[in-house]
Amino acid sequence: MQDSPPTLEQIRRAPKVLLHDHLDGGLRPATVVELAADHGYDKLPTADPDELAAWFVADAPRRDLVRYLEGFTHTVGVMQTAAALERVAAECVEDLADDGIVYAEVRFAPELHTERGLALDDVVEAVLAGFAKGMAVAGTAGQPIVVRALLTAMRSAARSLEIAALAVRYRDEGVAGFDVAGPEAGYPPTRHLDAFQLVQRENFHATLHAGEAFGLPSIWEALQWCSAERLGHGVRIVDDITVSGDGMVHLGRLASYVRDRRVPLELCPTSNVHTGAVASLAEHPIGDLRRLQFRVTVNTDNRLMSGVTLSSEMLGLCETFGWGWGDLAWLSINAMKSAFYPFDDRLALINGVIKPGFASLAAQSAFRVSATLR
Ligand SMILES: [Zn+2]
């Protein structure tokens, strides 16, 4: 069966899964402008939504993670009331559903949204209310989607134990797991060991930003000390893989462990290029990691700052690596298998929605090719 390369429009219709997306990195530019006006927030570089969208994206390719994170000052600056958080969360769900995503885990750091007096619980409740609203709107529009929250603690701060406890407290209300994010250098995962131990004791879930800009020790600590189930990025695992002159691939102990144990890698290719972790999409290790059958998933990280959607990210991979429907289905099934969502519900989405959806799109595009050839 011939398989023509997927188009953006087709990929948008495919039932996709997103595991690594930041709530404060995915706002609609017009919403940032409106919320800034409501809040009396006067630090935006421009009040024109189109110019602001361009500013965020143009601001991204500075090849420096620390500088990249500065763009969040503005988005976080306007997400300081329950109403603003609920609106941003609802719009996030609608935008993801509109991109054809059927399951997503969206993360945010509650401790960043308390500048105007919200308690941590208020922040979580506002976001979860927004998610529920967004899911209802999307469902009514014929674009059913399930969205769960991951609560992030900032690795440079000292509130991770509190945030882990908060995540556990809201586990039955829509919080699916715990995460730690922020600059890796100087802040090893083991700094937050007590938080990860709490998550473990509670039979709860954790992922961890590790191996993005920083190397193997960070990944090793995340897995072997903090018992992270997934790696946020984890792209530097390639530092433990060598290819000899005759093309033989050798995996070091850590890379072997990651592959053998099927540790999911939450790869975010465009984000890695923008933060300077990887020079270009063509040089991104996702091609090699896919070939070596690591548990690869593809993600957006920050849709606003990187000017991407999950569909555009997948299209970029098809164009760069010659991937087709089989690869995109594999990525989506990998992501669903790796979700912090009950096993039977994962199976239902994989067998009832994802596999049939990709099979039908692949069949349609194969038909189009044979029709053209006739
Ligand atoms: Zn991230």
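The values are calculated or read from the model by the stated rules, or taken from the named source; none is laboratory data. Not measured: the values here are computed from a predicted model. Positions of Cβ are generated from backbone atoms using ideal geometry, with glycine treated the same way; all protein chains shown enter the neighbour counts.
Brief remarks on what is shown
- Selected residue (criterion: farthest from the ligand (Cβ to nearest atom)) from residues of the range 230-250 that are outside any helix (DSSP H, G or I) and in contact (Cβ under 8 Å) with a residue 12 or more places away in the chain: VAL249
- For the condition among the basic types (Lys, Arg), crowded, with 17+ Cβ neighbours inside 10 Å, within 26 Å of ALA279 (Cα to Cα) and modelled with pLDDT of 95 or more, ARG259 qualifies.
- One residue stands out in the range 59-88 among those that are over 25 Å from GLY211 (Cα atoms) and small (Gly, Ala, Ser): the one that is modelled with the lowest pLDDT, namely GLY77.
- Selection of the range 292-337 for residues being of a type outside the set (A, V, I, L, M, F, W, C) and not in a helix (DSSP H, G or I) yields GLN293, ARG295, THR297, ASN299, THR300, ASP301, ASN302, GLY307, THR309, GLY322, GLY324.
- Picking from residues in the range 167-220 that are among the polar types (S, T, N, Q) and without any contact (Cβ under 8 Å) to a residue 24 or more places away in the chain, the one that is nearest to the ligand (Cβ to nearest atom) is GLN197.
- The single condition among (1) touching a strand residue (DSSP E or B) at 6+ places or on another chain (Cβ under 7 Å); (2) farther than 23 Å from ALA119 by Cα that VAL180 does not meet is (2).
- All conditions in (1) within 16 Å of the ligand (Cβ to nearest atom); (2) more than 20 Å from the chain's Cα centre (by Cα) hold for GLY139, with the sole exception of (1).
- Pairs, first farther than 14 Å from THR73 by Cα in the range 37-54, second of a type in the set (D, E, K, R) and surrounded by 13 or more Cβ atoms within 10 Å (Cβ to Cβ), C-beta under 6 Å, six or more apart: none
- Contact map, the range 276-302: first residue over 13 Å from ALA335 (Cβ atoms) and within 14 Å of the ligand (Cβ to nearest atom), second residue of a type in the set (Gly, Ala, Ser) and at pLDDT below 95, Cβ cut-off under 6 Å, separation 6 or more or different chains; pairs are ALA277/ALA213; ASP301/SER271.
- Considering residues of the range 207-229 that are in a loop (DSSP other than H, G, I, E, B) and either among the hydrophobic types (A, V, I, L, M, F, W, C) or on the phi > 0 side of the Ramachandran plot (or both) only, the residue farthest from the chain's Cα centre (by Cα): TRP225
- Subset of the range 271-291 [in a helix (DSSP H, G or I), buried (at least 24 other Cβ atoms within 10 Å of the Cβ) and modelled with pLDDT of 95 or more]: ILE286
- Matching residues in the range 172-186 - criterion: being buried (at least 19 other Cβ atoms within 10 Å of the Cβ) and either aliphatic (A, V, I, L, M) or over 30 Å from ARG12 (Cβ atoms) (or both): VAL175, ALA176, PHE178, VAL180, ALA181, GLU184
- Condition check for THR275: under 12 Å from the mean Cα position of the chain (by Cα), of a type in the set (S, T, N, Q) and more than 23 Å from GLU229 (Cβ to Cβ): no
- Test: residue in the range 142-156 that is part of a helix (DSSP H, G or I) and more than 16 Å from the ligand (Cβ to nearest atom): no
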